[in-house]
Every structure is written in C-alpha cells, then in structure tokens.
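> Have a look at this one.
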Amino acid sequence: MEWRLKNISEEDKKLQEQLKKDLNVSDTLARLLVLRNIRTFEEAKKFFRPSWQDLHSPFLMHQMDKAVSRLHQAIQNKEKILIYGDYDVDGTTAVSSMYLFLAQLTKKECLDYYIPDRFSEGYGVSYQGIEFAKDNGFTLMIILDCGIKDGEKIHHAQMLGIDCIICDHHMPPHQIPMAYAVLNPKKPDCSYPYKELTGCGIGFKLMQGYCMQYNLHEQYYTHVLDLVATSIAADIVPINDENRVLVYYGLKKINTQPLIGLKKLIDVAYTKRTRDIKVSDLVFILAPRINAAGRLKHGSKAVELLISGTDEEAEKWAKELHEINTERQETDQQTLQEALQIIEKDREFHQKHTTIVFKETWHKGVVGIVAAKLVEKFYRPTIVLTEYNGYITGSARSVDGFDLYAALCECREYLYQFGGHRHAAGLSIEKHQLEKFIYHFDK
C-alpha cells in the first residue's frame, strides 16, 4: 500500500510549525498530529502520554445512573442476570468482560450468557434469546454490542417481565428502544463527550460506574482491560481520546498479566514470541482467532475461552479456535480470489466509486474479512454479498472520510435491513432490489 500525506491549509501549516517547535519533533510528525486534529501542546501530551485521569465520568452518559441502580437491585435481590451479546470480537469480549465482572458480585447460578447463532438467528437480539431468558427465569438482560435497532424485540422482552439494559455503540434509529436503560453515546439526548466507544467499551463504563457508585475498588473492573483493548483494535474504531487510554492500559495488562484465555491464545498463535504484543497483533493475530468462532461455528466458543478459569480449559479452547481460524483463512482466501476474478471481468470497474461483489455460494461468515481486504487493495467503500435464507446479505467496510452508515441510510428504500456505524456495517437486500441498490450506492 502506498502512503501519502494529505495537503493542509495555510492555517494548519502554522499549527504544524507551532507543534514542531513546542514538541521538538520533525515536520512530518507535526503534520501527522495536525491531520489527527491534535492542535495544541496539551492535546499532544494526552496523545503521547495517555492517563487514567483522562477517562470521562461514566455518569455523563445518559441513563447510566438508571442502569447502575437496576444492576445493583438485581445483584442485591439475587435476580438471574443474562448477558447477551453479538458473535463478533466486540460482542464476545463485551460478554466475557461483563461475565467476569459480575461473577465477582453474584452467585454462579444467578448468571449466564447468550450469544446468538450467526446463521440461524442472525445479528442482534433474537426471539430465541428472549425465550431462553424467559424459560430460565432471567429478569434482567444486559445487551452488549447490539440491541439499539431491536425495538420490537426489546418491547417483547419487557412485556415478559425481563428488564433490558442496552450497551450499544451503533448508530441509533429515530425511535430508541423502550428498554429499562439505553447506554449509547450516539443517542441524540446523550451528552457523553466521546462517541467512539465500542460495545465492550460501553459495558466497561457500566462496570466503572457501578464500582464508583458503590465504592468498590477499581480492580473489580480493570482486570478486563485486555479484553476492552482487543475490542477497540478489532472493531475499526478510532484509537483516540478515551479509546487511546483504554488501549494503552489494556496493552500493559496483556503484556504483564493477561487473562488466562488470552494468554493461551497468544501461546498458540506465537510459537516463539520475542517482543511485546502491539495493537497490530490484536488486529491481525488475536482478533481473527476470536472472530473465527462466530464466523464458522458459534461465538460461544470464544466466550468460553475468554472466561476460562484454568490453564487446561483455556488451552483446549485456544487450540480449537486456532484450528477454526485456519479453516477460516482457507475459506476467505478462496472467496477473495473469486471476488478479484469478478472485479477483473468488470469492464466498468475503474469508472465506479465503490466496490460491490456478489456470489450466491460464498460463506456468510467470511464476507466481512474479504471486504476489508478489498478495501486494502482498492481503497474504496466496499460491500461483499452472498445469498442466505432467501436474501442477499453481506458486510460493508469503509475508507477514511466516507460515512458508510450515512450512505446506507440514503439507500434505505432498497434495503431489507441494515445496521452498523461509519466504518463498518451489515446489510440484507431482497433479490429484486439488488441492481437498484448497487446503482444508487455507487452514486
């Protein structure tokens, strides 16, 4: 990939010179800071030296006090709590971290988790998951990395006497679900100063808020920082502001005292490791192995690894995820080659602004990975589609400066359903709408 520095305005050139002088750095580094919207010495200091004190109060998030209070009520009354989350890295790390946190505060028989099946239930809150909660006597669901677009299902759960706390970072619809509490910095009525937390990150803020409210030591929740850092690296969110602090301390923990499951996964992935784990390792080595479970098998395998309590248990799950990932690599490599062949045959490809490829037989679990690889190669907003259960379904990935979610909103009349954020999204299309969607999305 070829890297080029963007041109900057005359005003920004003055800022560049000032930063160069104040920080005693090169022209290139000063320009990179300006391009990252770092414009003062204090902002640069926060960027280079992340501090725990730079984290925002969780109670700045709308309905945090309500969520904390309801969680405390459930713990005090020994209610059964179900932790529900998506099957990707953000979802499984969110579920695992919340499970490990609550396992310190309530009895094992009062706690369980639920990951929906990618293929039979699909993304988001499912009716099967709600029925599982009802049949097993759960009265509180903590929903992580999904739920913000599941208004009808949330209403159904609430009508069954199951209170729902949603911790989701995806763009909310106009009608916010009528859950007991909805934690999402992107809600119009939420003044939380940082909007780019992951689902796992929002769950972390709930843990932090709980400990602050009830005077519990921060070690109750900081022991899952390695999972929070993994979610940030994997979920294509900016590593600035609060995310930068969480990644900084998360990497420290991974390299000194990682959770047993992550340690065993590192051991399996690196036969000879001679340096500390970096963000690139989280993105390209650990996250794909965690993600492989939900892509090809079931996301619960990843959670079982991450909440493992013994070396033997963790090693078993780590080896299984490593093997699933090997299978996944073979599948997505074949899919990538087929996608490139489709592109090569498209005579109009170079006149288009986006990349959209479709084949009925591609595995639903790898289209997101292939989309990301096509973005690397062509640097365009990219959608990779396959057919599943009678619908055209797939994943989209974006490039810097292109709001993917906003673009999909512009094409909503041609979509059956969609969800995501500015960097990544999932979508389903009725077959007869495919050509219209491709045309209008590229425009």
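> Does at least one position in the range 288-300 carry a residue that is in the same structural domain as ASP88 (by TED's automatic domain parsing), part of a loop (DSSP other than H, G, I, E, B), of a type outside the set (Lys, Arg) and at negative phi? Steps first, answer last, please.
Of the range 288-300, the ones in the same structural domain as ASP88 (by TED's automatic domain parsing) are 288-300.
This time we only want the ones that are part of a loop (DSSP other than H, G, I, E, B), so: 297-299.
Still in the list and also of a type outside the set (Lys, Arg): 298-299.
In the following step, the residues that additionally are at negative phi were identified as 298-299.
Yes; the residues of the range 288-300 include at least one that is in the same structural domain as ASP88 (by TED's automatic domain parsing), part of a loop (DSSP other than H, G, I, E, B), of a type outside the set (Lys, Arg) and at negative phi.
> Anything in the range 256-287 that is among the polar types (S, T, N, Q) and either part of a helix (DSSP H, G or I) or under 18 Å from GLY91 (Cβ atoms) (or both)? List them, or say none. So that I can check it myself, show each step before the final result.
Let us first name the residues in the range 256-287 that are among the polar types (S, T, N, Q), namely 256-257, 271, 274, 280.
Of everything in the range 256-287, those that are among the polar types (S, T, N, Q) and either part of a helix (DSSP H, G or I) or under 18 Å from GLY91 (Cβ atoms) (or both) turn out to be THR256, SER280.
> Related question: Could you tell me which numbered condition LYS108 fails, if it satisfies all but one of (1) under 21 Å from the mean Cα position of the chain (by Cα); (2) surrounded by fewer than 24 Cβ atoms within 10 Å (Cβ to Cβ)?
Condition (1) is where LYS108 drops out.
> So, one more: How many of the residues in the range 206-231 are closer than 12 Å to PHE101 by Cβ and in a helix (DSSP H, G or I)?
Of the range 206-231, the ones closer than 12 Å to PHE101 by Cβ are 206-211, 216, 218-225, 227-228.
Remaining after also requiring in a helix (DSSP H, G or I): 206-211, 219-222, 225, 227-228.
Of the residues in that region, 13 qualify.
> Answer yes or no: is there a residue in the range 226-249 that is at positive phi, more than 15 Å from the chain's Cα centre (by Cα) and assigned by TED's automatic domain parsing to the domain that holds LEU71.
Scanning the range 226-249 turns up at least one residue that is at positive phi, more than 15 Å from the chain's Cα centre (by Cα) and assigned by TED's automatic domain parsing to the domain that holds LEU71.
> Residues being without any contact (Cβ under 8 Å) to a residue 12 or more places away in the chain and either within 19 Å of VAL68 (Cα to Cα) or not in a loop (DSSP other than H, G, I, E, B) (or both): count how many of those fall in the range 141-196.
Selection size over the range 141-196: 2.
> Looking at the structure I just gave you, is ARG397 under 18 Å from PHE358 (Cβ atoms), of a type outside the set (A, V, I, L, M) and in contact (Cβ under 8 Å) with a residue 60 or more places away in the chain? Reasoning before the result, please.
Working: under 18 Å from PHE358 (Cβ atoms): yes; of a type outside the set (A, V, I, L, M): yes; in contact (Cβ under 8 Å) with a residue 60 or more places away in the chain: yes.
Yes; evaluated as a whole, the condition is true for this residue.
> For the range 242-274, give me each residue that is without any contact (Cβ under 8 Å) to a residue 40 or more places away in the chain, of a type in the set (D, E, K, R) and in contact with a helix residue (DSSP H, G or I) (Cβ under 9 Å, 6 or more places away or on another chain).
LYS252, LYS253, ARG273
> Could you tell me whether the range 149-159 includes any residue that is farther than 25 Å from CYS190 by Cβ and at pLDDT 95 or above?
Step one: filter the range 149-159 for residues farther than 25 Å from CYS190 by Cβ, giving 159.
Now restrict to residues that are at pLDDT 95 or above: 159.
Yes, the conditions are met somewhere in the range 149-159.
> Additional query: So, restricting to strands (runs of 3 or more DSSP E) that lie completely within the range 324-443, which ones have at least 1 residues that are closer than 26 Å to ASN184 by Cβ? Break it down into steps so the answer makes sense when it comes.
Details: elements: 355-358, 382-388, 391-397, 417-420, 424-429.
Once the strands (runs of 3 or more DSSP E) in the range 324-443 are filtered for at least 1 residues that are closer than 26 Å to ASN184 by Cβ, what remains is 382-388, 391-397, 417-420, 424-429.
> Let me ask something additional. State all residues of the range 119-140 that are within 16 Å of ILE81 (Cα to Cα) and either part of a loop (DSSP other than H, G, I, E, B) or modelled with pLDDT under 95 (or both); if no residue qualifies, say none. Spell out how you get there, then give the answer.
Within the range 119-140, the first condition is being within 16 Å of ILE81 (Cα to Cα), and the residues that meet it are 125, 129-140.
Selection gives VAL125, ASN136, GLY137, PHE138, THR139.
> Here's a follow-up. Taking the condition of being assigned by TED's automatic domain parsing to the domain that holds ILE266, of a type in the set (Ser, Thr, Tyr) and without any contact (Cβ under 8 Å) to a residue 24 or more places away in the chain, how many residues in the range 301-350 meet it?
0
> Quick one: in the range 118-162, of everything that is surrounded by fewer than 20 Cβ atoms within 10 Å (Cβ to Cβ) and among the acidic types (Asp, Glu), which residue is nearest to HIS363 (Cα to Cα)?
So in the range 118-162, the residues surrounded by fewer than 20 Cβ atoms within 10 Å (Cβ to Cβ) come out as 119-122, 126-128, 131-132, 134-137, 139, 151-153, 155-156, 158-161.
Filter once more, so that each one left must be among the acidic types (Asp, Glu): 121, 131, 135, 152.
Working: GLU121: 16, GLU131: 28, ASP135: 33, GLU152: 29 Å.
Ranking the qualifying residues of the range 118-162, first place goes to GLU121.
> For the range 384-443, give me each residue that is on the phi > 0 side of the Ramachandran plot and more than 19 Å from the chain's Cα centre (by Cα).
Selection gives ASN389, GLY390, GLY401.
> Before we move on, is GLU312 surrounded by fewer than 15 Cβ atoms within 10 Å (Cβ to Cβ), modelled with pLDDT of 95 or more and assigned to a helix (DSSP H, G or I)? Before the answer, list the steps.
On the way: surrounded by fewer than 15 Cβ atoms within 10 Å (Cβ to Cβ): yes; modelled with pLDDT of 95 or more: yes; assigned to a helix (DSSP H, G or I): yes.
Answer is yes for this residue.
> So, one more: Given the condition at pLDDT 95 or above and in contact with a Cys (Cβ under 9 Å, 6 or more places away or on another chain), answer yes or no: does some residue in the range 208-218 qualify?
yes
> For ALA269, are the conditions met, namely being modelled with pLDDT under 95 and more than 19 Å from HIS363 (Cβ to Cβ)? Can you show your working first?
Values: modelled with pLDDT under 95: yes; more than 19 Å from HIS363 (Cβ to Cβ): yes.
Taking the combined requirement at face value, the residue satisfies it.
The values are calculated or read from the model by the stated rules, or taken from the named source; none is laboratory data. Remember, it's a predicted structure, so these values are computed and weren't measured experimentally. In this analysis, Cβ positions are derived from the backbone assuming ideal geometry, glycine residues included, and neighbour counts consider all displayed protein chains.
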